[in-house]
Amino acid sequence: MDEYLMKLKTKVDVMFANEKSGHDIAHLERVMRLALHIQKEEGGDRLIIGISAYLHDIHRLLENREHKFFSPKMSLPIVKDLLKSVDFPDREISKVLHCIEFHEEYDFTPQGKTVSDLETLILQDADNLDAMGAIGIARAFMYAGHHGAVMWNPEVPLNPEALFEDAKSLDDASTIHHFYHNILKLCDNMNTSTAKSIAKDRQEFTQEYIERFFTEWDFI
Ligand SMILES: [Fe+2]
Ligand SMILES: [Fe+2]
C-alpha cells in the first residue's frame, strides 16, 4: 500500500492544496489512520480500505469549484484516472470505487444504509469519527466559516428530530444546529464495535462542549 500512497500523495497534495472547508489533505490522512486502526480490529481488505479513505473526498473539490452539490459517485472518473496513473491493480479499482461511491449513505441520510460490505462500513465509520470530538468541532466551524454560516442563531428553534431535508435547511441556520441534526447522531450510527467505542468518548466531549458553549453564550 505504501508504494501506491507515495505516488498518490504527490498528486493529491496538489489537488487539495487550497481546500479550506475541513475536507483537506489532513482530513484524508486522519480518516485513513482511523480506517486502518478499525481494520486491524475488525478485518476487511486493508489495501482497499486505506486507499479508499485517502481518496474518498474528491467530490468536495468539485463542490468547491462549482459551488453546488456533487455526490461521491460524481468523483469516480477522477478517482479511477488517479488509480490507473499509479498502476493500481485493475481488478482492485472497482472495489475502491464502490467504497467511495457509498461512503455517505448511512442510517439517517435520505438513502439510508445501502451497503453491507465491511470495507465501506469501515470507511463510513472513520469518516464519521473525524466529524466528532475536538477535531470534529473544529471542522464544523471551519466548514461553516467557509460557507458563510454563523456559529449559533437563537432565533431558529432546534429540532433534533427534523428529517434530512428539513435538517439540511436548519443546518444553514448555524453550526450549533448542525451539531444537533448531524454530528450528535453519528455515535448511534457507527457500524463497527471498534468505532462505537471511539465514538462514545468523542460524543461525550462534544456534548460537554455544547453545554459550555451555551453557558458562555448566555453569560450575564
Ligand atoms: Fe465525502
Ligand atoms: Fe470525509
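Can you work out which of the residues in the stretch 116-135 that are buried (at least 18 other Cβ atoms within 10 Å of the Cβ) and away from ligand 2 (no atom under 11 Å from the Cβ) is nearest to Gly22 (Cα to Cα)?
Met132
Given the conditions (1) in contact (Cβ under 8 Å) with a residue 40 or more places away in the chain; (2) within 15 Å of ligand 1 (Cβ to nearest atom); (3) within 12 Å of the chain's Cα centre (by Cα), report the number of the one that Ile135 does not fulfil.
Among (1) in contact (Cβ under 8 Å) with a residue 40 or more places away in the chain; (2) within 15 Å of ligand 1 (Cβ to nearest atom); (3) within 12 Å of the chain's Cα centre (by Cα), the lone unmet condition for Ile135 is (2).
Phe102 - would you say it is under 13 Å from the mean Cα position of the chain (by Cα) and either modelled with pLDDT of 95 or more or over 16 Å from Ile49 (Cβ atoms) (or both)?
yes
I'd like the full set of residues that are without any contact (Cβ under 8 Å) to a residue 24 or more places away in the chain and not in a loop (DSSP other than H, G, I, E, B), limited to the stretch 97-119.
Leu97, His98
Just to be sure I understand, how many residues within the stretch 105-114 are under 19 Å from Thr194 (Cα atoms) and within 16 Å of ligand 2 (Cβ to nearest atom)?
So the count comes out to 1.
Has the stretch 56-64 got at least one residue that is under 18 Å from Val86 (Cβ atoms), among the β-branched types (Val, Ile, Thr), surrounded by fewer than 20 Cβ atoms within 10 Å (Cβ to Cβ) and modelled with pLDDT of 95 or more?
No: the stretch 56-64 contains no residue that is under 18 Å from Val86 (Cβ atoms), among the β-branched types (Val, Ile, Thr), surrounded by fewer than 20 Cβ atoms within 10 Å (Cβ to Cβ) and modelled with pLDDT of 95 or more.
Exactly one of these conditions fails for Gly44: (1) surrounded by 18 or more Cβ atoms within 10 Å (Cβ to Cβ); (2) within 24 Å of Arg139 (Cα to Cα). Give me its number.
In the conditions (1) surrounded by 18 or more Cβ atoms within 10 Å (Cβ to Cβ); (2) within 24 Å of Arg139 (Cα to Cα), Gly44 misses (2) alone.
Could you please find all residues in the stretch 23-58 being of a type in the set (Gly, Ala, Ser) and within 14 Å of ligand 1 (Cβ to nearest atom)?
Let us first name the residues in the stretch 23-58 that are of a type in the set (Gly, Ala, Ser), namely 26, 35, 43-44, 50, 52-53.
Answer for the stretch 23-58, where residues must be of a type in the set (Gly, Ala, Ser) and within 14 Å of ligand 1 (Cβ to nearest atom): Ala35, Ser52, Ala53.
Suppose we filter Ile25, Ile93, Ile48 for residues that are at negative phi and touching a residue at least 60 places away in the same chain (Cβ under 8 Å); which single one remains? Full working, then the answer.
Values: Ile25 fails: touching a residue at least 60 places away in the same chain (Cβ under 8 Å); Ile93 fails: touching a residue at least 60 places away in the same chain (Cβ under 8 Å).
From the options Ile25, Ile93, Ile48, the qualifying one is Ile48.
Among Lys7, Lys20, which is the only one that is of a type in the set (Lys, Arg), more than 15 Å from ligand 1 (Cβ to nearest atom) and more than 19 Å from Asn128 (Cα to Cα)?
Being of a type in the set (Lys, Arg), more than 15 Å from ligand 1 (Cβ to nearest atom) and more than 19 Å from Asn128 (Cα to Cα) holds for just one of Lys7, Lys20, which is Lys7.
Report, by residue number, each residue of the stretch 57-73 that is among the aliphatic types (A, V, I, L, M) and under 16 Å from Thr109 (Cβ atoms).
So the first thing to find is which residues in the stretch 57-73 are among the aliphatic types (A, V, I, L, M), and the list is 58, 61-62.
Those that are among the aliphatic types (A, V, I, L, M) and under 16 Å from Thr109 (Cβ atoms): none in the stretch 57-73.
Consider the stretch 111-132. How many of its residues are within 15 Å of ligand 1 (Cβ to nearest atom) and at pLDDT below 90?
The number of residues fulfilling the criteria is 2.
The values are calculated or read from the model by the stated rules, or taken from the named source; none is laboratory data. These numbers come from a predicted model, not from an experiment. Neighbour counts run over all protein chains shown; Cβ positions are idealised from the backbone, glycine included.
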